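FYI, it's all coordinate maths here, none of it is from the lab. Owing to the predicted nature of the structure, the values given are computational and were not obtained by experimental measurement. Glycine also receives a Cβ, built like all others from the backbone with ideal geometry; neighbour counts cover every protein chain displayed.
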Amino acid sequence: MTYRIAIGCDDAAFEMKDAMIAYLTERGYPVTDLSATAGEDYPDVAERVARSVARGEHERAVLVCGTGIGMAIAANKVPGIRAAQIPDSYSAERARKSNDAQIACFGSRTMGVHAALVCLDHWLVSDFAGGGSAPKVEKIKQVESRNRATAHA
């Protein structure tokens, strides 16, 4: 399946982001670059990209900063989003199969471009397996729903 993919990075990750865009477009994925502009930080990018997924404009997304951690934290603040920091190919596969993560977050200072592309490929070809993981993902959605209701109270 070919997904519409949003990608975004901060100033620490333009080289890795550009390599990922080339990799994805070579494989036929339509990619929208929503990276940082002047005066923006990773939370701005993560929110913009995550909202594009939450609205259904993109099925999946990739975020890149120095470690991937900050992007994952910020993206997960958007309701309906499951973003995972991807340090290796096993985590990339499990992010999709076990957690149905729509957003993969990478660290340009913690892994090389080649390793990131291998992980990106594992994440792209993996789908949510359901099964024993489905009730856990539902619990995540319930936690989010309860916290959203509490925030509005």
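Among all helices in the chain defined by DSSP H, which have a length of 15 Å or more along the axis from Cα atoms plus a Kyte-Doolittle mean of at least 0.5? Intermediate results must be reported in sequence, preceding the final value.
Working: long enough: 14-26 (18 Å, 0.16); 42-54 (18 Å, -0.13); 113-125 (18 Å, 1.48); 134-152 (27 Å, -1.19).
Helices meeting the criterion: 113-125.
Let me know the charge dipole size of the chain about its Cα centre in debye, to the nearest 20, where only the beta-carbon of Lys, Arg (+1) and Asp, Glu (-1) is charged. Before the final figure, lay out the partial values.
On the way: 18 positive and 19 negative charges, 152 e Å.
Roughly 740 debye for the chain.
Looking only at trypsin sites (Lys or Arg not before Pro) in DSSP loops with at most 16 other Cβ atoms within 10 Å, what is the longest site-free stretch of the chain? List each step's numbers first, then the result.
Working: sites that count: Arg4, Arg27, Arg55, Lys77, Arg109.
The longest uninterrupted stretch comes out as 110-153.
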- the chain, Gaussian network, Cα under 10 Å: of Gln85, Gln102, Gln142, the residue fluctuating most is Gln142
- Query: Between His114 and Ile140, what is the spin-label point distance in nm, taking each point 7 Å from the Cα along the Cα→C-beta axis?
  - Reply: 3.1 nm
- Task: Using Cα centres only, tell me the gap between the range 64-102 and the range 6-21 in whole Å.
- Result: 15 Å
- Query: To the nearest 0.05, what FRET efficiency results for Phe128 and Ser89 with a Förster distance of 25 Å applied to their C-beta separation?
  - Reply: 0.90
- Work out how much length Thr150 to Ile73 would gain on full extension: take 0.36 nm times their residue separation and subtract the Cα-Cα distance, in nm to one decimal. 25.7 nm
